[in-house]
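Engineer: There's a structure below that I have some questions on.
The values are calculated or read from the model by the stated rules, or taken from the named source; none is laboratory data. Fair warning: this is a prediction, and the values are worked out from it, not measured in the lab. In this analysis, Cβ positions are derived from the backbone assuming ideal geometry, glycine residues included, and neighbour counts consider all displayed protein chains. Remember, those area values only see protein heavy atoms, side chains included, never the ligands or the DNA or RNA. Shrake-Rupley method; radii C 1.70, N 1.55, O 1.52, S 1.80 Å.
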Amino acid sequence: MDVLVLHLSTAALICCAYLSGMRPEEVLALRRGCCTRVERENGTIRFEVRGRHFKGVLDEDGNAIGEGEERADPWIVLEPVARAIAVAEELEDGEQLFTRTLYRYAKGTCMPRTGLSSDTAVERIRAFTAWANQLAAAHDRPHELIPPDPDGAVTLRRFRRTIAWFIYRQPGGRIALAVQYGHAATAMSESYAGRSKADMLEVLDQEKGHALAETLTEAGERIDAGEKVSGPAADRYRAAAAEFSNRFAGTYLGKRELRALVANPRLRYSVRSSTSSWPATPRTTISSPRPGSAMPSVASRSTATTASALIPRCCGTS
């Protein structure tokens, strides 16, 4: 039972890290009572999470303050995150939501309650992945196996980039998932709006630029391959692909270039099956504009999906 409790706590940790946009140290510092359900005047429901942040927190001499400081504005999170926090509160006896205590109990030892470190979190994620794969194999569900990660251990830090990547590259045809990512983008925008150091918004904006670059690269390659374009936006589609190719093809897309790309109204084009093949041609595999835009590993996404699916079964929070 102690091992199952540990895995449930890990699932809550993963869910918070994946869907909130928080940094690892911010998630690990969450405390009991941090999440509040707020009903606004217009009838919308928001879940606010208050906690500490650490990056850029300096004393008057310019030295980093290790314990950070209370974040002035709350994070706005999705209901699955609120549920995950409620689960963590049920599992832990103290004020901190994620500690080494459960890990020690599962190992058969008892130590004073201490905060969970990033290294211990990695070990817990590894154990959670192995446990989930054992369940999938035992129940003959190979499609739910979490594959080995070619990039190494799945760390908390990687979940922020994974959610940003998928917000702007929603899997075609999976409408419910697309809607959920849309809600995640809105929540994160609210969390960081007006902040001078809105780093998560910068991550989202960069991924938006990478996604647009990939769309326009693919558009140009499909047109060059002989695919036909029809419809009222056909001319704009061709013009956008040509302008992108002339200005950006073969260049390094840094922050400045990505900002220029997203800000150009002639290039703001999202294409999903806007061309038809005649004759039929295979869909082109698009190379990423830069290594940072490459698709996150399936392992980090699958681990987050498995953890997120586990939380609603264990919490009656509404």
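Engineer: Output the residues belonging to the range 227-242 that are open to solvent by 60 Å² or more (accessible area, probe 1.4 Å), in contact with a strand residue (DSSP E or B) (Cβ under 9 Å, 6 or more places away or on another chain) and farther than 15 Å from T217 by Cβ.
Structural biologist: Once the filter is applied, which keeps residues that are open to solvent by 60 Å² or more (accessible area, probe 1.4 Å), in contact with a strand residue (DSSP E or B) (Cβ under 9 Å, 6 or more places away or on another chain) and farther than 15 Å from T217 by Cβ, the range 227-242 yields K228, S230, D235.
Engineer: Quick one: is R126 modelled with pLDDT under 90, under 20 Å from the mean Cα position of the chain (by Cα) and open to solvent by 40 Å² or more (accessible area, probe 1.4 Å)?
Structural biologist: Judged against the criteria, R126 is not a match.
Engineer: S293 versus (1) open to solvent by 30 Å² or more (accessible area, probe 1.4 Å); (2) modelled with pLDDT under 75: which is the lone unmet condition?
Structural biologist: The number of the failed condition is (1).
Engineer: Conditions: (1) within 18 Å of the chain's Cα centre (by Cα); (2) β-branched (V, I, T); (3) open to solvent by 20 Å² or more (accessible area, probe 1.4 Å). I14 meets all but one. Number of the miss?
Structural biologist: Failed condition: (3).
Engineer: Across the range 219-266, which residue is farthest from the chain's Cα centre (by Cα) among those that are among the polar types (S, T, N, Q) and within 24 Å of Q206 (Cα to Cα)?
Structural biologist: So in the range 219-266, the residues among the polar types (S, T, N, Q) come out as 230, 245-246, 251, 264.
Okay, now just the ones that are also within 24 Å of Q206 (Cα to Cα), so 245-246, 251, 264.
Working: S245: 30, N246: 32, T251: 27, N264: 26 Å.
So the residue we want is N246.
Engineer: What single numbered condition from (1) within 30 Å of L58 (Cα to Cα); (2) modelled with pLDDT under 70; (3) out of contact with any Pro (no Cβ under 8 Å at 6 or more places or on another chain) fails to hold for S191?
Structural biologist: Among (1) within 30 Å of L58 (Cα to Cα); (2) modelled with pLDDT under 70; (3) out of contact with any Pro (no Cβ under 8 Å at 6 or more places or on another chain), S191 violates only (3).
Engineer: Return yes when I14 is of a type in the set (V, I, T), closer than 26 Å to T162 by Cα, touching a Lys or Arg at 6+ places or on another chain (Cβ under 6 Å) and not in a loop (DSSP other than H, G, I, E, B) and no when it is not.
Structural biologist: no
Engineer: Across the range 243-260, which residue is modelled with the highest pLDDT among those that are open to solvent by less than 50 Å² (accessible area, probe 1.4 Å) and under 26 Å from G226 (Cβ atoms)?
Structural biologist: Applying the filter and picking the extreme gives E243.
Engineer: Could you list all residues from the range 21-55 that are assigned to a loop (DSSP other than H, G, I, E, B) and surrounded by 12 or more Cβ atoms within 10 Å (Cβ to Cβ)?
Structural biologist: G21, M22, R23, A29, L30, R32, C34, R50, G51, F54
Engineer: Does the range 68-86 contain any residue that is part of a loop (DSSP other than H, G, I, E, B) and free of Cβ contacts under 8 Å to residues at least 12 places away in the same chain?
Structural biologist: yes
Engineer: Please go through the range 92-103 and give me each residue that is open to solvent by 60 Å² or more (accessible area, probe 1.4 Å) and at pLDDT below 90, ordered by number.
Structural biologist: The answer is D93, and nothing else.
Engineer: A further question follows. Suppose the filter is closer than 20 Å to S302 by Cα and open to solvent by 50 Å² or more (accessible area, probe 1.4 Å); does L78 pass it?
Structural biologist: no
Engineer: Report, by residue number, each residue of the range 131-160 that is assigned to a helix (DSSP H, G or I) and under 30 Å from E95 (Cβ atoms).
Structural biologist: W131, A132, R157, R158, F159, R160
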